[in-house]
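Working notes, structure below.
The values are calculated or read from the model by the stated rules, or taken from the named source; none is laboratory data. Keep in mind that what you see is a predicted model, and the values were worked out from it rather than measured. Here the Cβ is made from the backbone with ideal geometry for all residues, glycine too, and neighbour counts use every protein chain on show. What goes into the accessible areas is simple: the full protein's heavy atoms, side chains included, and nothing from ligands, DNA or RNA. Shrake-Rupley method; radii C 1.70, N 1.55, O 1.52, S 1.80 Å.
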Amino acid sequence: MSGRLRILVVLVSAALVQTTVCSEFRIAGVSAELMLLVTVLAGFHGGPERGAIVAFWAGLLYDSVTTAPLGLHALVFPLIAVAVSSLERRMLRSTSLTDALGVAVAVGAGVVTVAAVGEIFGQASFDFESLGKRVFIAALYTTTIAPLVNKVMVWAVAAGLPATIELRRDGD
């Protein structure tokens with residue numbers, strides 16, 4: 001199966017799960033941000049370019065199945081994917097704890113950015129008084145499902161990428 005088809009399958013499946021399963025299982029009115037998690041993991045595993053492309057399509061697909069203005073998530077998600085990819089490359093050592101913390105921070109940043117951009121474009125559905133609580137719950141809730149989604153995203157996004165890249169000089 002080609003990489004593009006894998007990504008398409010994952011994006012459509014994630015959108016269906018986001019709008020059906022995730023919307024039913026809420027904690028204090030907040031659901032898991034599955035499409036944002038797909039974006040974060042696309043940036044982490046696919047690099048900035050591939051991550052941004054996957055994130056754009058994830059955002060556009062998410063906008064098409066929600067009441068958000070078309071393009072709102074498609075505008076924010078690529079920024080999150082590129083930021084995650086850029087920060088991931090600068091980390092000296094990656095552990096399970098730092099990866100989980102990174103996912104939580106990235107999801108929190110994504111929720112805040114979507115709320116801010118939504119406010120700029122006049123979307124009145126965001127309540128800034130409860131935003132801190134929403135960000136915390138969404139980040140924690142989404143981080144708990146991240147290990148399952150991570151395996152799928154490695155399969156989809158990292159297809160065709162080398163596992164490790166070794167840089168050697170001619171004289172070494």
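Scanning segment 111-129 for residues that are under 14 Å from G29 (Cα atoms) and surrounded by 13 or more Cβ atoms within 10 Å (Cβ to Cβ) yields a total of 1.
Restricting the first member to segment 136-151 and to residues that are in contact (Cβ under 8 Å) with a residue 40 or more places away in the chain and within 10 Å of A32 (Cβ to Cβ), and the second to residues that are of a type in the set (V, I, T) and open to solvent by 50 Å² or more (accessible area, probe 1.4 Å), the beta-carbon pairs closer than 8 Å and six or more apart or on different chains are I137/I27; Y141/I27. Scanning segment 32-56 for residues that are assigned to a helix (DSSP H, G or I) and among the aliphatic types (A, V, I, L, M) yields L34, M35, L36, L37, V38, V40, L41, A42, A52, I53, V54, A55. Contact map, segment 86-101: residues that are within 20 Å of F136 (Cβ to Cβ) paired with residues that are in a helix (DSSP H, G or I) and open to solvent by less than 100 Å² (accessible area, probe 1.4 Å), Cβ distance under 6 Å, separation 6+ or inter-chain. Pairs shown: A100/T143.
Looking across segment 34-69 at every residue that is among the β-branched types (V, I, T) and under 9 Å from the mean Cα position of the chain (by Cα), the one that is surrounded by the fewest Cβ atoms within 10 Å (Cβ to Cβ) is identified as V38. Considering segment 70-110, the residues that are open to solvent by less than 10 Å² (accessible area, probe 1.4 Å) and among the β-branched types (V, I, T) include one that is nearest to the chain's Cα centre (by Cα), namely V107.
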